[in-house]
1. Of the conditions (1) of a type in the set (Gly, Ala, Ser); (2) surrounded by 24 or more Cβ atoms within 10 Å (Cβ to Cβ); (3) without any contact (Cβ under 8 Å) to a residue 40 or more places away in the chain, residue 126 clears all except one; give me its number.
2. Can you name the residue in region 351-378 that is hydrophobic (A, V, I, L, M, F, W, C) and in contact with a helix residue (DSSP H, G or I) (Cβ under 7 Å, 6 or more places away or on another chain) and, of all such residues, is surrounded by the fewest Cβ atoms within 10 Å (Cβ to Cβ)?
3. Tell me, yes or no, whether region 110-130 has at least one residue that is of a type in the set (A, V, I, L, M, F, W, C), at pLDDT 95 or above and farther than 30 Å from residue 369 by Cβ.
4. Which of the residues that make up region 342-378 are under 23 Å from residue 313 (Cα atoms) and within 23 Å of the chain's Cα centre (by Cα)?
5. I'd like the full set of residues that are out of contact with any strand residue (DSSP E or B) (no Cβ under 8 Å at 6 or more places or on another chain) and closer than 16 Å to residue 303 by Cα, limited to region 123-155.
6. Just give me the residues in region 236-281 being over 21 Å from the mean Cα position of the chain (by Cα), over 22 Å from residue 202 (Cα atoms) and surrounded by 16 or more Cβ atoms within 10 Å (Cβ to Cβ), in sequence order.
7. I'd like the full set of residues that are under 30 Å from residue 242 (Cβ atoms), surrounded by 16 or more Cβ atoms within 10 Å (Cβ to Cβ) and more than 17 Å from the chain's Cα centre (by Cα), limited to region 206-228.
8. Just the residues that are in contact with a Lys or Arg (Cβ under 6 Å, 6 or more places away or on another chain) and closer than 19 Å to residue 272 by Cβ, please, taken from region 142-156.
Amino acid sequence: MRFAKLSAAASTFISAMACAQTNVSMYGLLDTGIEYVSNADAAGHGLVRLPGVSGELPSRLGFRGEENLGGGVKAVFALETGFNVRRGDLGQGGRMFGRQSWIGLDGPWGTVSFGRQYNMAYWVLADAEMLGPDIHGIGALDNYLPNARSDNTVAYKGRFARLTVGATYSFGRDGAGTGNSPGQGTCAGEGGVTQSVQCREWSAMLKYDAPRFGVAAAYARQHGGTNAATNFFDGVAPQPLASGDDYDARMQANAYLRFGRLKVGAGWIGRSVRTASPALPDVRSHLVYTGAQYFITDALVLDGEALHIRVKQHDTAATLATARLTYFLSKTTAVYVKGGHLWNGARSRFSVSAGGGGTTPAAGASQIGLMAGVRHAF
């Protein structure tokens with residue numbers, strides 16, 4: 001009798017699952033073009049190429065879905081792979097779903113998700129920073145920011161009227177040990193009993209959006225571990241983060257304003273790399289940016305940004321000014337032209353391009369980056 005009851009209950013459950021409505025969609029984006037970079041090596045040679053990453057937005061293929069569970073609650077998921085259009089190879093260290101791979105529950109209280117996903121160092125930039133993951137944008141000075149994602153992560157994000165709150169915690173920020181998000185440094189897996197915070201990462205965000213303005217703040221910290229290191233992209237060797245007590249932290253604050261077709265934004269990012277070793281000095285940097293976006297027509301958009309970074313302990317600094325013009329041929333296809341000029345300090349070797357490496361100039365050399373490209377979303 002007990003077996004019969006269990007069988008009936010299982011049949012009822014399976015029938016309910018069969019009747020459930022699950023919506024799954026496939027989406028993607030392809031973006032590439034031709035880029036020119038001056039002073040692309042120590043000898044001052046120029047470079048013409050199809051870049052290894054992207055122009056305006058990274059190319060990707062993804063699947064997202066949701067199932068209504070009742071009571072305003074949904075099961076949600078996302079699987080997203082990044083790839084390089086010029087060669088068709090996978091990004092994020094060759095992972096199949098290196099951009100996103102998570103599942104969660106969404107309800108009136110917000111979304112709780114589990115897996116590989118973005119943290120709040122990424123989401124806090126969404127409105128105030130104009131160029132996003134542009135090849136001549138903020139990623140040229142700190143390549144972690146447009147790639148701020150981590151493995152083994154529990155995340156929460158909820159919006160309540162005009163207030164958005166979010167937080168993440170990773171039990172092992174780079175489980176594959178590939179340094180798969182540029183700028184984050186390798187830190188493979190989770191720490192042991194003696195170093196419970198090894199390779200852990202956490203972040204938090206608070207954001208307020210009104211019809212014509214918004215303000216946001218966030219904090220993110222990555223702990224070190226065996227063979228871990230972090231990078232500053234200014235030509236100085238990567239900083240070891242060999243202990244779980246070592247960390248790389250970023251504090252951010254930004255704001256934006258809207259005036260009809262015009263949007264302006266500005267922000268500050270303070271970064272602190274601290275180690276437990278007395279032989280390794282702490283390193284701090286400050287990055288400030290201001291930008292604007294203007295819809296000349298519904299199909300023609302002009303945007304640009306000025307950024308400045310200074311790494312005090314390295315005595316390095318750089319200023320980057322960039323602008324782009326995008327024309328939408330349709331709702332899903334656009335062409336663009338863009339350019340950036342980077343001024344390096346005397347000891348600095350920042351590059352104007354975040355297009356996949358190979359463009360590091362001589363110390364103190366300025367660079368010009370130009371690109372014309374096309375992108376299509378589906």
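1. Going through the list (1) of a type in the set (Gly, Ala, Ser); (2) surrounded by 24 or more Cβ atoms within 10 Å (Cβ to Cβ); (3) without any contact (Cβ under 8 Å) to a residue 40 or more places away in the chain, residue 126 breaks only (2).
2. Looking at residues that are hydrophobic (A, V, I, L, M, F, W, C) and in contact with a helix residue (DSSP H, G or I) (Cβ under 7 Å, 6 or more places away or on another chain), I get 354.
3. yes
4. Quick first cut of region 342-378, residues under 23 Å from residue 313 (Cα atoms) only: 342-352, 360-366.
Passing the criteria: 342, 349, 350, 351, 352, 360.
5. Within region 123-155, 126, 132 meet the criteria.
6. Residues satisfying the conditions are 236, 258, 263.
7. Across region 206-228, the qualifying residues are 223, 224, 225, 226, 228.
8. 150 - this is the single residue of region 142-156 that is in contact with a Lys or Arg (Cβ under 6 Å, 6 or more places away or on another chain) and closer than 19 Å to residue 272 by Cβ.
The values are calculated or read from the model by the stated rules, or taken from the named source; none is laboratory data. On a predicted model such as this, the values are computed, not experimentally measured, just so you know. Heads up, the Cβs are rebuilt from the backbone with ideal geometry, glycines too, and the neighbour counts pull from every protein chain shown.
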